[in-house]
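**Q** I'd like to ask some things about the structure below.
The values are calculated or read from the model by the stated rules, or taken from the named source; none is laboratory data. Being a predicted model, the structure only gives us computed values, none of them experimental. Methodologically, a virtual Cβ is constructed for each residue, glycine included, from the backbone with ideal geometry; neighbour enumeration extends over all protein chains shown. Calculation scope for accessible area: heavy atoms of the full protein, side chains included, ligands and nucleic acids excluded. Shrake-Rupley method; radii C 1.70, N 1.55, O 1.52, S 1.80 Å.
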Amino acid sequence: GIARARRSRTAFPVVMFLDLDRFKLVNDSCGHSAGDAELVEVADRLTTVLRDSDTLARFGGDEFVIACDEVNDRDLVLAFAERIMAVFSAPFVVAGHSFQLGVSIGVAVLDEEDLSLEGLLSDADSAMYFAKTGGGQGKIQVFDKAIRAMARERTSTESDLGYALEHSELVVYYQAIVETATGHVVGVEALLRWAHPTRGLLMPTAFLDLAEQTGLIVPIGEWVLAQACEQVQTWNKRRRPDDQ
């Protein structure tokens, strides 16, 4: 399909990356065997809307990939994604319980920057990520140049964040908590910031979500706690015996 698309401007391959919404609820409430049964039901429903030339695969966990070969109308891509959404409209019945699942879909169409299946899959995955984070659940997001730029920035931020933790670019500021009745400082709030070498001082909203997704939130949290404890110890050493 990729090779044919290079020779043709009228037919092109499409990859759709699907992530189930609320699937964790099934595993948590009914167990993994029920979750596996539900995945089978999802696959069965998806096959009802596929063409003979389409390929469906489970990518891992609650994620599926659909590869469509030789699509000759880009408007049909969104129509197909809407049909996929529709198969989730009826509730799923598993182990005697009814669950309403949804799906978030990232769509990638072959373009001049991605001429491989791996590239299309990565683009579709990025589109799905922004579908979930940008619009909530049950969204369709088509990959475009804006998402490519955001995906590259996200990759760069992830790499830079690991470096920042190891090379003391993270800093903690302390905001006093004052008792209004007496004017006494009764505590402090530790505020994390990232002194990025090129982007300036970054607020937590610029990187904490990514830290949670990559697992870096654990060492960052430990580092902040250690910094705060060390700072409190320093303040305590400076206090006069009669300080309140």
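**Q** Take the chain, drop everything but the C-alpha atoms, weight them equally and run the Debye formula without solvent; then report log10 I(q)/I(0) at 0.10, 0.12, 0.13, 0.14 Å⁻¹ to two decimals.
**A** Taking Cα atoms of the chain as identical point scatterers yields -0.67, -0.83, -0.91, -0.98.
**Q** Please find, in a Gaussian network model of the chain (springs between Cα atoms separated by less than 10 Å), the residue of 35, 61, 187 whose mean-square fluctuation is greatest.
**A** In this elastic network of the chain, the residue with the biggest mean-square fluctuation among 35, 61, 187 is 187.
**Q** Now a separate question. Most fluctuating residue of 197, 91, 13 in a GNM of the chain with Cα springs under 10 Å: which is it?
**A** Of the options given, 197 has the highest mean-square fluctuation.
**Q** Helix 145-166 versus the longest principal axis of the chain: what angle, 0 to 90°, nearest 10, using Cα atoms?
**A** On a 0 to 90 degree scale, this one is about 40.
**Q** Taking 0.36 nm per residue of separation and subtracting the Cα-Cα distance, what length does fully extending residue 97 through residue 43 add?
**A** 17.6 nm
**Q** What relative contact order, as a whole-number percentage, does the chain give when Cα pairs under 8 Å and 6 or more residues apart are counted?
**A** Computed value for the chain: 16 percent relative contact order.
**Q** Now for a different question. Order the following by accessible area, largest value first: 128, 150. Probe radius 1.4 Å; ligands, DNA and RNA are ignored.
**A** Correct descending sequence by accessible area is 150, 128.
**Q** Compute the helix-to-body angle for 117-135: its Cα long axis versus the longest principal axis of the chain, expressed 0 to 90° and rounded to tens.
**A** Long axis of 117-135 versus the principal axis of the chain: about 60 degrees.
**Q** Then there's this: Express in nm, to one decimal, how much length is gained between residue 236 and residue 78 on full extension, taking 0.36 nm for each residue of separation and deducting their alpha carbon distance.
**A** 50.6 nm
**Q** What length, rounded to one decimal in nm, is gained on full extension from residue 152 through to residue 229, with 0.36 nm per residue of separation minus their alpha-carbon distance?
**A** Working it through step by step, the gained length comes to 24.1 nm.
**Q** For the chain, take the longest principal axis of its alpha carbons; what is the angle in degrees between that and the long axis of helix 32-47, to the nearest 10 within 0 to 90?
**A** Relative to the chain, helix 32-47 is tipped by roughly 40 degrees.
**Q** Say each of residue 201 and residue 182 gets a label point 7 Å from the Cα, pointing the same way as Cα to Cβ; how far apart are those two points in nm?
**A** With each label point 7 Å from Cα toward Cβ, the separation is 3.0 nm.
**Q** Report relative contact order for region 126-239 in percent, whole number only (criteria: Cα-Cα under 8 Å, sequence separation at least 6).
**A** 17 percent
**Q** Quick one: among 169, 189, 118, which has the greatest mean-square fluctuation in a GNM of the chain with alpha-carbon springs under 10 angstrom?
**A** 189
**Q** Between 26, 91, 225, whose Cα lies farthest towards the positive end of the dipole of the chain when Lys and Arg beta carbons carry +1 and Asp and Glu beta carbons carry -1, centred on the Cα centre?
**A** Positive-end residue among those listed: 225.
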